[in-house]
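Quick one: this structure, given as structure tokens, is what I'll be asking you about.
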Amino acid sequence: MAKRLRLSTPTEVRRTLAKIANLVYNGELDIKIANSLTVTCNAILNSIRLDDQQKRIEEIERILQER
């Protein structure tokens, strides 16, 4: 059965990155796979950040339109 990584929130992504680092340090994960996972985690964090920024912008625009 395939394992799934939890990557829905910044906290989950940070925990996953810590696990990846520990696996590499302990020689349990190939560095190429770790690099690929790290790049993916960073892309996910950036998209989460952009989504949050967009929600804030929309909320500010809504508040300004109400005035």
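Confirm whether residue 65 is more than 22 Å from the chain's Cα centre (by Cα) and either surrounded by 11 or more Cβ atoms within 10 Å (Cβ to Cβ) or at negative phi (or both). Working first, answer last.
Values: more than 22 Å from the chain's Cα centre (by Cα): yes; either surrounded by 11 or more Cβ atoms within 10 Å (Cβ to Cβ) or at negative phi (or both): yes.
Yes: the conditions hold for residue 65.
Can you tell me which residue among 4, 14 is out of contact with any Phe, Trp or Tyr (no Cβ under 7 Å at 6 or more places or on another chain), part of a loop (DSSP other than H, G, I, E, B) and basic (Lys, Arg)?
Criteria check complete, one pass: 4.
What is the number of the single condition among (1) surrounded by 12 or more Cβ atoms within 10 Å (Cβ to Cβ); (2) within 22 Å of residue 53 (Cβ to Cβ) that residue 39 does not meet?
(1)
Regarding residue 59, is this residue part of a helix (DSSP H, G or I) and not β-branched (Val, Ile, Thr)?
Judged against the criteria, residue 59 is a match.
Return the pair list, or none, for Cβ contacts closer than 8 Å from residues in the range 11-25 that are closer than 11 Å to residue 41 by Cα and at pLDDT 95 or above to residues that are crowded, with 17+ Cβ neighbours inside 10 Å and among the β-branched types (Val, Ile, Thr), at least 6 apart or on different chains.
Correct list of pairs: 13/44.
Based on this model, can you work out whether residue 22 counts as more than 17 Å from the chain's Cα centre (by Cα), surrounded by 11 or more Cβ atoms within 10 Å (Cβ to Cβ) and of a type outside the set (Lys, Arg)? Please lay out each step first, then the result.
On the way: more than 17 Å from the chain's Cα centre (by Cα): yes; surrounded by 11 or more Cβ atoms within 10 Å (Cβ to Cβ): yes; of a type outside the set (Lys, Arg): yes.
Judged against the criteria, residue 22 is a match.
The values are calculated or read from the model by the stated rules, or taken from the named source; none is laboratory data. Since the structure is predicted, the reported quantities are computational estimates derived from the model, not experimental observations. Glycine gets a Cβ as well: all are built from the backbone with ideal geometry, and neighbour counts include every protein chain shown.
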